[in-house]
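One structure is given below, encoded as structure tokens.
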Amino acid sequence: MNPGGQEAAKIDEIVRYVYETLVPFVTNIVIPVFKREADSVSEETVEDAKNAGYDYFEKLLGENEYLTGANLTWVDFLVFGLLIQMELHPKYRSQSMIISKWFTRIQALPPFHLVHKGN
């Protein structure tokens, strides 16, 4: 199903934000973790990343189930994938119940378990 109207506009807004603002932070936070250089990331970068990630999406979610409202869209998976990567950094943890509940909703979806099977 292709969303239209306000939902499509909201998706466009989120995608623009993700690529203009969030992706650079993901790179700055995650790459050092894989290089075993997580300590090289400044506290300021971590705080800016939290503001760009959690604060923005917490406000966007508000009391909604998903990022565009009551309906799950592909943009929920896009953002989930990026935010969960940032959680790999030891200094980057969400204290947000809104984000935590959203993470849980995404992880509870049947397709999530098909993709993330345990060995």
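Some notes on this structure:
- Some residue of the stretch 106-117 being basic (Lys, Arg), in contact with a helix residue (DSSP H, G or I) (Cβ under 8 Å, 6 or more places away or on another chain) and either open to solvent by less than 70 Å² (accessible area, probe 1.4 Å) or farther than 29 Å from Ala8 by Cβ (or both): no
- Of all residues in the stretch 58-86, those satisfying the criterion of being over 20 Å from Gly5 (Cβ atoms), surrounded by 18 or more Cβ atoms within 10 Å (Cβ to Cβ) and out of contact with any Leu (no Cβ under 7 Å at 6 or more places or on another chain) are Phe80, Leu83, Met86.
- Single residue of the stretch 92-113 satisfying the filter (without any contact (Cβ under 8 Å) to a residue 60 or more places away in the chain and assigned to a loop (DSSP other than H, G, I, E, B)) that is farthest from the chain's Cα centre (by Cα): Leu109
- Residue list for the stretch 10-43, restricted to those being among the aliphatic types (A, V, I, L, M) and touching a Pro at 6+ places or on another chain (Cβ under 9 Å): Ile11, Val33, Ala38, Val41
- Some residue of the stretch 5-18 being surrounded by fewer than 16 Cβ atoms within 10 Å (Cβ to Cβ), at pLDDT 90 or above, farther than 18 Å from Ser94 by Cα and of a type in the set (A, V, I, L, M, F, W, C): yes
- Contact annotation: residue pairs with Cβ atoms under 9 Å, 6 or more positions apart or on different chains, pairing a residue in the stretch 21-37 that is charged (D, E, K, R) with a partner that is in a helix (DSSP H, G or I) and open to solvent by 70 Å² or more (accessible area, probe 1.4 Å), are Glu37/Ile31.
- Flag if Met86 is without any contact (Cβ under 8 Å) to a residue 24 or more places away in the chain and of a type in the set (A, V, I, L, M, F, W, C): no
The values are calculated or read from the model by the stated rules, or taken from the named source; none is laboratory data. This structure is a prediction, so every number in the text was calculated from the model and none was measured. Glycine also receives a Cβ, built like all others from the backbone with ideal geometry; neighbour counts cover every protein chain displayed. All accessible areas refer to the heavy atoms of the entire protein, side chains included, with ligands and DNA or RNA removed. Shrake-Rupley method; radii C 1.70, N 1.55, O 1.52, S 1.80 Å.
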